[in-house]
Amino acid sequence: MILKRMFLTFMSIFTLLAVAAMPGTSFAADGYLYTSERFGYSIKCPEKPLAVINLSILSPQEQGDVLIFETDGHNPTKYWVISPNAFSNDTFPDLDNLTDEARQDLFTRLAIERGYEAISLVPIQGHNAIYAVTAKTIQIDTDKDGQVDKTIEQEGQHIETYFKGAKSNYCIVLSSKSALTEDDINNYQYGLLSFNDK
């Protein structure tokens with residue numbers, strides 16, 4: 001419940017940031033602008049990544065960059081994943097023209113299929129994007145009797161954003177091995193609004 005309240009607060013902030021990021025305005029000078037030569041995009045990071053690795057090293061069937069910000073030894077503990085060609089055009093309905101009922105149906109389906117705790121539509125590059133937070137704690141009905149009988153604590157938590165860019169369909173993920181903080185979410189949202197692949 002606390003995360004859901006945080007989510008609603010951050011959605012309000014995200015909308016304000018999106019308005020502030022309209023043409024004619026600029027982001028603060030702090031942070032680090034990362035530019036991917038391989039995929040032709042740039043994104044504002046809270047700081048220079050400790051390392052950038054090819055996503056295919058971790059997941060051979062995917063392409064993209066992993067921007068690592070924190071590690072525990074050689075294990076990344078906080079990072080962003082930027083994946084071009086992350087979904088096909090028919091994966092989601094037209095997010096700019098959803099009825100209330102269609103939006104709720106989509107959110108319900110995604111929550112069940114992907115374990116999201118909170119889902120919203122947010123504006124990125126002039127179009128609606130899916131912004132979803134995974135649950136830190138998942139309740140499961142293991143014997144399929146309609147009653148929750150097991151609670152699983154996830155190792156980490158993620159925010160996933162799916163949107164259509166100028167060149168590709170992207171998924172940008174914030175992943176943390178611990179619960180997400182307010183700073184984590186603010187930095188990620190600023191990054192999303194700074195994204196440019198033109």
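Among the residues of segment 157-198, those identified as within 14 Å of Ser42 (Cα to Cα) and open to solvent by 60 Å² or more (accessible area, probe 1.4 Å) are Ala166, Lys167, Tyr190, Asn196, Lys198.
Report yes if Leu33 is more than 14 Å from Ser168 (Cα to Cα) and open to solvent by less than 60 Å² (accessible area, probe 1.4 Å), otherwise no. So Leu33 fails the test. Within segment 115-127, the set of residues being open to solvent by less than 50 Å² (accessible area, probe 1.4 Å) and among the polar types (S, T, N, Q) comprises just one member, Ser120.
Please state which one of Lys150, Lys167 is modelled with pLDDT of 90 or more, more than 17 Å from the chain's Cα centre (by Cα) and among the charged types (D, E, K, R). It is Lys167.
Restricting attention to segment 36-63, the residues being open to solvent by 60 Å² or more (accessible area, probe 1.4 Å) and closer than 17 Å to Gln189 by Cα number 2. For segment 99-114, the criterion of being assigned to a loop (DSSP other than H, G, I, E, B) and surrounded by 11 or more Cβ atoms within 10 Å (Cβ to Cβ) is met by none of the residues. Looking across Gln147, Gln154, one residue alone is exposed (fewer than 11 other Cβ atoms within 10 Å of the Cβ) and either polar (S, T, N, Q) or within 17 Å of Arg103 (Cα to Cα) (or both). It is Gln147. Taking the conditions exactly as written (closer than 22 Å to Gln104 by Cα and in contact with a strand residue (DSSP E or B) (Cβ under 7 Å, 6 or more places away or on another chain)), does Ile159 satisfy them or not? So Ile159 fits the description; yes.
Residue check: Ile112 meets all listed conditions (1) at pLDDT below 95; (2) in contact with a helix residue (DSSP H, G or I) (Cβ under 6 Å, 6 or more places away or on another chain); (3) farther than 17 Å from Cys171 by Cβ but one, namely (2).
Inside segment 34-73, residues that are assigned to a strand (DSSP E or B) and of a type in the set (A, V, I, L, M) make up a count of 7. Any residue at all in segment 76-89 that's of a type outside the set (S, T, N, Q), over 20 Å from Ser176 (Cβ atoms) and either touching a Ser or Thr at 6+ places or on another chain (Cβ under 7 Å) or open to solvent by 40 Å² or more (accessible area, probe 1.4 Å) (or both)? The answer is yes, given that some residue of segment 76-89 is of a type outside the set (S, T, N, Q), over 20 Å from Ser176 (Cβ atoms) and either touching a Ser or Thr at 6+ places or on another chain (Cβ under 7 Å) or open to solvent by 40 Å² or more (accessible area, probe 1.4 Å) (or both).
Here Val66 meets each of (1) open to solvent by less than 40 Å² (accessible area, probe 1.4 Å); (2) touching a strand residue (DSSP E or B) at 6+ places or on another chain (Cβ under 9 Å); (3) within 25 Å of Lys167 (Cβ to Cβ); (4) at pLDDT below 95 with one exception, condition (4).
The values are calculated or read from the model by the stated rules, or taken from the named source; none is laboratory data. Just so it is clear, the structure is predicted and the values come from calculations on it, not from any experiment. Reconstructed Cβ throughout: ideal geometry from the backbone, glycine too, with neighbour counts over all protein chains shown. All accessible areas refer to the heavy atoms of the entire protein, side chains included, with ligands and DNA or RNA removed. Shrake-Rupley method; radii C 1.70, N 1.55, O 1.52, S 1.80 Å.
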